[in-house]
Amino acid sequence: MAVTENNTQQFIKQSAKREEVSEEKIKEIIVDSFRKSYCQGKNKDADLHFEFASDLAVYRVYKLVEKVTDLEKEITRDNKLLKEGKVRDNKFFLPLDVKKLFFSFNYEMKKAWERELRSTKQEKQLESFKPLQGEIIQGIVQRKDGNYYLVNVGKVLGHWAREEWKTLTEPIGKRLCFLVKETKENRLILTREDNLFLRKVLENVIPQIKDGTIVIRHILRLPGLISKVIVESQKPGLNAKGTCIGEEAIRIKSISSLVYPERVDIAIWSEKKKELLFELLSPVKVVRLIEKEKDNWEIIIHHEKAPLLLQYQGRMLKKISEYLEKNIHVRILEEIEEKGERLENKGKSVKEISNYKNVQVRILEEIE
């Protein structure tokens, strides 16, 4: 409904009720719109006064002076124009012909109203996500916007940092899971990098983690790439790892689809660091573990497993080393097929290689 000189109060009341905003907010929009439509050109510095006692009344305000120095803001006390308005507090209020201004006023009013509605609607929608902070939601990645991906989560577009996506293929059009991080500066901030994201996914898929029957002792993670989740059963006889993986791997498959493209491995907690190391290195099998010194271990693995163990420049192996408080060195076993001879009896020699930044790696050509 457009504002006219005869229905302002009706407009204010109906608009406030319909849009669920205060009548004062509607008045603010009317005042702002009128100023924009009137205060242009020679009137740009005009001082306006608004009254809503009955219908809309707008006055141009002048200061009463003996001698005028500013024609736009001052008027003399003997000016004949004073008969057309009213004087109060040493100011002259000249009524404006609102009828002549209503076309441009309603145009500005419409633009201001649309802006306000968008802003109010967005605020209300963002408000509805505050109770979901720290929870998992799904959304479709729509497009890039600077350093963010914009994600359609139904009511609003969430902002997800582009640096969190680690693969070369863009995620545009993909439906992914996100953690609601916060609402900030009229934005819904989403994340997948926070460890809470993975914990929440695990809780949602595995009831025993949610109810505390199985506890997560630690998460070693390269967000978006690979995670090692260390679990422990609080119930005697319950296989924590098998429960997390699920019958026919149904649970771990579900988890993998929700955190795609990140890979999640489950490891059983053990107070014995060697046993825990073998769990964390799985599915890579260790041929031999050699304790060099107190905090230095050397592991020997088959060469075909080296790419899996040392992927991502060996950063996961470094995390495992730091977690176990051991310096772990890797030796890669190059097998040579010789009839009738066992692997441990092969004749080999050792040479250094430097393909990996975060771990010491050797190609083993001899096991004594």
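Structure above, values below:
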item	result
Residue within the range 60-79 that is in contact (Cβ under 8 Å) with a residue 12 or more places away in the chain and closer than 30 Å to K13 by Cα present	yes
Candidate set from the range 67-90 (those that are closer than 16 Å to D45 by Cα and assigned to a strand (DSSP E or B)); member that is nearest to the chain's Cα centre (by Cα)	E74
Candidates L202, L220, L238, L179, filtered to the one that is under 15 Å from G139 (Cα atoms) and either at pLDDT 95 or above or in a helix (DSSP H, G or I) (or both)	L179
Members of the range 269-322 that are of a type in the set (S, T, N, Q), surrounded by 14 or more Cβ atoms within 10 Å (Cβ to Cβ) and outside any helix (DSSP H, G or I)	S270, S282, Q311
Residue that is surrounded by the most Cβ atoms within 10 Å (Cβ to Cβ) [pool: residues in the range 250-261 that are among the hydrophobic types (A, V, I, L, M, F, W, C) and touching a helix residue (DSSP H, G or I) at 6+ places or on another chain (Cβ under 9 Å)]	I255
Top-ranked residue in the range 15-31 [being of a type in the set (D, E, K, R) and within 19 Å of E51 (Cβ to Cβ); ranked as surrounded by the fewest Cβ atoms within 10 Å (Cβ to Cβ)]	E24
Subset of the range 19-37 (residues that are within 32 Å of the chain's Cα centre (by Cα) and either of a type in the set (S, T, N, Q) or within 19 Å of R60 (Cβ to Cβ) (or both))	S22
I172 vs. criteria assigned to a strand (DSSP E or B) and of a type in the set (V, I, T)	no
Residue list for the range 117-176, restricted to those being touching a Cys at 6+ places or on another chain (Cβ under 8 Å) and either at pLDDT below 95 or surrounded by 15 or more Cβ atoms within 10 Å (Cβ to Cβ) (or both)	I136, I137
Check on Y356, farther than 22 Å from I268 by Cα, at pLDDT 50 or above and surrounded by 11 or more Cβ atoms within 10 Å (Cβ to Cβ)	no
Single condition R187 does not satisfy, out of (1) at pLDDT below 95; (2) surrounded by fewer than 18 Cβ atoms within 10 Å (Cβ to Cβ); (3) more than 17 Å from G134 (Cα to Cα)	(3)
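The values are calculated or read from the model by the stated rules, or taken from the named source; none is laboratory data. Please read these numbers as outputs of a predicted model, since none were measured by experiment. Note that we place each Cβ from the backbone using ideal geometry, even for glycine, and neighbour counts take in every protein chain shown.
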